[in-house]
Amino acid sequence: MTVAPEAAVAEAAPGAQAPTPYGTRRRLQALYARGWDAEGIERESGVPAAEIERIIDRATWRGRTRQGTDEAIATAYDRIADRAGGALRAPGWQLPR
């Protein structure tokens, strides 16, 4: 499923704070820890894999994200955070509980 970042923006609840670039980076780190790679996150969020890799890479990330990226990653994270990514789907592997 490919979603354009602009299309992934959901209506925020009254008083809710918008996602931040630092929150986006932490969400991506958490997804990587669950076995998601940049291509898998791209399929779920619509954010290009190169952009995801730039945010994850400490050497290239400058604390900023492109417009729509924070919302797209937050939306995808809420949808997929409880699922293992492809790297963790090896036969016999169980998610930690």
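Charged neighbours of Ala30, selected by a Cβ distance under 13 Å, balance to +3 (K, R count +1; D, E count -1).
Coupling constants for the stretch 56-71 follow from the phi torsions by the Karplus curve (6.51 cos²θ - 1.76 cosθ + 1.60, θ = phi - 60°), and in residue order they are 5, 6, 4, 6, 9, 7, 10, x, 10, 9, 6, 4, x, 5, 4, 5 Hz; glycine and proline get x. Summing charges over neighbours of Ala18, with a neighbour being any other residue whose Cβ is under 9 Å away from its Cβ, gives -2 when K and R count +1 and D and E count -1.
Coupling constants for the stretch 50-55 follow from the phi torsions by the Karplus curve (6.51 cos²θ - 1.76 cosθ + 1.60, θ = phi - 60°), and in residue order they are 4, 5, 4, 5, 5, 5 Hz; glycine and proline get x.
Under 11 Å from the Cβ of Ile80, count the other residues' Cβ atoms, weight Lys and Arg +1, Asp and Glu -1, and hand me the total. Spell out each step's value before the answer.
Values: positive: Arg27, Arg34, Arg43, Arg79, Arg83; negative: Glu44, Asp78, Asp82.
Around Ile80, the surrounding residues sum to +2.
As an exercise, use a Förster radius of 25 Å and the Cβ-Cβ distance of Arg64 and Asp37 to find the FRET efficiency, rounded to the nearest 0.05. Let's see the in-between values first.
Values: r = 23 Å, r/R0 = 0.90.
The pair Arg64/Asp37 has a calculated efficiency of 0.65.
Under the convention that each Lys and Arg Cβ holds +1 and each Asp and Glu Cβ holds -1, the size of the dipole of the stretch 17-76 around its Cα centre is about 300 debye.
In this simple spin-label approximation, Ala18 and Ala30 carry label points 7 Å from Cα along the Cα→Cβ vector, and these lie 2.1 nm apart.
Every read-out reported here was derived from the displayed coordinates using simple, explicitly stated rules and does not represent laboratory data. What you see is a predicted model, and the numbers here were worked out from it, not measured in a lab. All Cβ positions, even for glycine, are placed from backbone atoms using ideal geometry, and neighbour counts span all protein chains on display.
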